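The next block holds one structure in the form of structure tokens; read it before the comments.
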Amino acid sequence: MRHPYGGRALITGASSGIGAAAARLFADAGYTVYAASRHPLPDAERITGLPMDVTDDESVRRAVARMAGDGGVGVVLHCAGMGVAGAAEDTPDQDVRDQFEVNYFGVLRVNRHVVPLLRQAGQGLVIITGSVAGRIPIPYQSHYSATKYALDAYAECLRMELKPFGVKVTLIEPGDTATGFTAARRFAVPEGSPYAAQVKSAVARMERDERSGHPAAKPARAALRTASRKNPPPRVTVGASYRAIMALRRALPARALEAVLSRLYR
Ligand SMILES: NC(=O)c1ccc[n+]([C@@H]2O[C@H](COP(=O)([O-])OP(=O)(O)OC[C@H]3O[C@@H](n4cnc5c(N)ncnc54)[C@H](OP(=O)(O)O)[C@@H]3O)[C@@H](O)[C@H]2O)c1
């Protein structure tokens, strides 16, 4: 496999799911992998577990400095993420902020330390894990969707801004994937909520779809393939069925999309 950005990769959210699968796949493909998360994987061949909390700037600084000191970084793959389910109205600000701190500001924090290194090297690749939920709004998971919509805009802008410096940016968009995300989902459903029944039924649907979704290795392979391309695309939607859903989303009038989603998650 080609390593156009050098053979060193930093992967966040690497203790579980897509990040953990990516750490193994990148290592098998010959990369030296720094696998970062709050509960890092034990070191293995070509994999160094790195403690990193993406909500804590000092923890990110330390982890990136350690990797940079060992020999630099060429590819950064952002996989740290979490979700809170609940009605938009019910979800306390703190739960909204927690999601943005991990999913959106977490990416920013890591990039603030890594991007200067890539820019100075005149090459590198930033892969951000967005979601199909970053272009299709998911009711009862609205604030999670909002974090992914935010990443969508950020990734496109970052890509244009870094192009003159030789640094590439790609957004990976997985659909439902069977990972630790489902069990880690938090809930914001206050007692007596008028939305309780809808949230219960919508989340049951989401959980079913996630558990029967793609294996974590599928988006991880998409990330690895992206890293082998000198000219990676702005976005990679994972799996033919989700590419078809995205095409449909572009074609459907807004009211029709709303009707489909309302029916799916009622
Ligand atoms: N599963 C799906 O259906 C799906 C679909 C589309 C997109 N995605 C996205 O894919 C990405 C990976 O999620 P996943 O499905 O693989 O879920 P997962 O199995 O729960 O993995 C999430 C990872 O994020 C890490 N993490 C959470 N909070 C963190 C923090 N504050 N600092 C550092 N790391 C943190 C966790 O590790 P620690 O707890 O050890 O820190 C874990 O390694 C997320 O961005 C998610 O939104 C998932």
- Task: Please give the helix 240-251 orientation as an angle from the longest Cα principal axis of the chain, in degrees from 0 to 90, rounded to the nearest 10.
- Result: 60 degrees
- Query: Which residue, Glu191, Glu101, Glu156, tops the fluctuation ranking in a GNM of the chain built on C-alpha contacts under 10 Å?
  - Reply: Glu191
- Query: Looking at Ala44, Ala20, Pro4, which one has the Cα that reaches farthest to the positive end of the dipole of the stretch 1-50 (charges on Cβ: Lys, Arg +1; Asp, Glu -1)?
  - Reply: Pro4
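State the antiparallel share, in %, of DSSP beta bridges confined to the chain, rounding to the nearest 5.
On the way: 1 of 32 bridges.
Here the antiparallel bridges make up roughly 5 percent for the chain.
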- In debye to the nearest 20, how big a dipole does the stretch 8-264 give about its Cα centre with +1 on each Lys and Arg Cβ and -1 on each Asp and Glu Cβ? 1080 debye
- What residue among Ala251, Ala36, Ala68 shows peak mean-square fluctuation when the chain is described by a Gaussian network model with Cα springs under 10 Å? Ala251
- What Kirkwood radius, in Å to one decimal, follows from the Cα pairs of the stretch 11-122? 14.5 Å
- Message: Please give me the summed charge of the neighbours of Ala87: other residues whose Cβ is under 12 Å from its Cβ, Lys and Arg +1, Asp and Glu -1.
- Response: -2
- Neighbour net charge for Arg211 - beta-carbon separation under 13 angstrom, K R +1, D E -1: -1
- Item | Calculated FRET efficiency for the pair Ser262/Arg97, C-beta based, R₀ 25 Å, to 0.05 | 0.35
- Note on the structure: Candidates Gln198, Gln94, Gln123; GNM for the chain (alpha-carbon contacts under 10 Å) flags as most fluctuating Gln94
- Over what distance in Å are the Cα centres of the stretch 12-46 and the stretch 181-238 separated? 20 Å
- Size of charge dipole - the stretch 1-92 - debye, nearest 20, with Cβ of Lys, Arg +1 and Asp, Glu -1, no other charges: 460 debye
- Which whole number in µm²/s is D for the chain by Stokes-Einstein, with the Kirkwood Rh taken over Cα pairs at 4 °C and 1.567 mPa s? 69 µm²/s
- Message: Just to confirm a number: summing +1 for Lys and Arg and -1 for Asp and Glu over residues other than Val167 whose beta-carbon lies under 10 angstrom from that of Val167, what do you get?
- Response: +3
- Task: Taking the chain as the reference, fit the longest principal axis to its C-alpha atoms, fit the long axis of helix 217-227 to the helix C-alpha atoms, and give the angle between the two in degrees, 0 to 90, nearest 10.
- Result: 40 degrees
- Message: Run lengths n ≥ 4 of DSSP H only: what is the helix-derived mean residue ellipticity at 222 nm for the chain, with -39500 (n - 2.57) per run over all residues, to the nearest 500?
- Response: -15000 deg cm²/dmol
- Nearest 10 degrees, 0 to 90: what angle lies between the long axis of helix 142-162 and the longest principal axis of the chain (Cα atoms)? 30 degrees
- Item | Lysine-lysine proximity count for the stretch 8-264, Cα under 21 Å, sequence distance 8 or more or distinct chains | 5
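FYI, it's all coordinate maths here, none of it is from the lab. Here the structure is a predicted model, which is why all the values come from computation and not from measurement. Cβ sites come from the backbone with ideal geometry, for glycine too, and all protein chains shown count toward neighbours.
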